[in-house]
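**Student:** Would you mind keeping the following structure in view while I ask a few things?
The values are calculated or read from the model by the stated rules, or taken from the named source; none is laboratory data. Predicted model, so just to flag it, every value in this text is computed and none were measured. Reconstructed Cβ throughout: ideal geometry from the backbone, glycine too, with neighbour counts over all protein chains shown.
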Amino acid sequence: MALQITESCVNCWACVDVCPNEAIYQDTPHFLVDDSKCTECLGDHSVPQCAAICPIEMAIVDELGAFLNPPGSLTGIPIEKLKQFGLWKEAA
Ligand code: SF4
Ligand code: SF4
């Protein structure tokens with residue numbers, strides 16, 4: 001049970017220090033989650049801290065490939081507009 005960081009990550013470092021398990025590390029081309037350390041924050045926080053602070057939509061997914069911050073969730077851009085301009089992306 002672990003979250004993963006996707007290619008949408010912009011390497012901003014915001015999630016690194018909020019992880020209670022030091023599970024996030026710098027890599028190329030983007031940061032990654034050590035799935036042996038990630039607990040999805042269970043027992044430490046009510047929500048995954050990396051996803052709570054991440055400023056980028058679609059950068060973090062759960063083990064089923066669902067976006068923690070799906071398209072439009074942070075920007076407020078309506079889904080129909082995202083689709084209209086080719087910015088919509090389905091979860092895995
Ligand atoms: S869900 Fe929690 S434990 Fe897992 S990488 Fe994110 S901040 Fe760390
Ligand atoms: S906060 Fe989001 S965009 Fe920033 S490094 Fe972490 S996953 Fe990448």
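**Student:** Please determine whether any residue of segment 6-28 is within 18 Å of A91 (Cβ to Cβ), more than 14 Å from ligand 2 (Cβ to nearest atom) and charged (D, E, K, R).
**Tutor:** no
**Student:** Continuing with the same structure: Looking at segment 1-30 only, could you name the residues that are within 13 Å of the chain's Cα centre (by Cα) and within 16 Å of F67 (Cα to Cα)?
**Tutor:** Selection gives A2, L3, Q4, I5, T6, E7, S8, C9, V10, C15.
**Student:** Tally time: how many residues in segment 29-41 are more than 13 Å from ligand 2 (Cβ to nearest atom) and under 16 Å from C54 (Cβ atoms)?
**Tutor:** Matching residues across segment 29-41 total 2.
**Student:** What about D62, is it within 16 Å of ligand 2 (Cβ to nearest atom), of a type in the set (D, E) and modelled with pLDDT of 95 or more?
**Tutor:** Answer is yes for this residue.
**Student:** Same structure again: Suppose we keep only residues that are within 11 Å of ligand 1 (Cβ to nearest atom) and among the acidic types (D, E) within segment 1-58. Which one would you say is nearest to S73 (Cα to Cα)?
**Tutor:** Here the residue is E40.
Matching residues to (1) buried (at least 19 other Cβ atoms within 10 Å of the Cβ); (2) in contact (Cβ under 8 Å) with a residue 24 or more places away in the chain:
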| position | (1), (2) |
| --- | --- |
| G43 | no, no |
| Q49 | yes, yes |
| D62 | no, yes |
| G65 | no, yes |
| G72 | no, no |
| T75 | no, no |
| K83 | no, no |
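**Student:** Which condition number does V10 fail, the rest of (1) free of Cβ contacts under 8 Å to residues at least 40 places away in the same chain; (2) under 22 Å from L87 (Cα atoms) being met?
**Tutor:** (1)
**Student:** From the list C38, C50, which residue is assigned to a helix (DSSP H, G or I), of a type outside the set (F, W, Y) and under 12 Å from Q4 (Cα atoms)?
**Tutor:** C50
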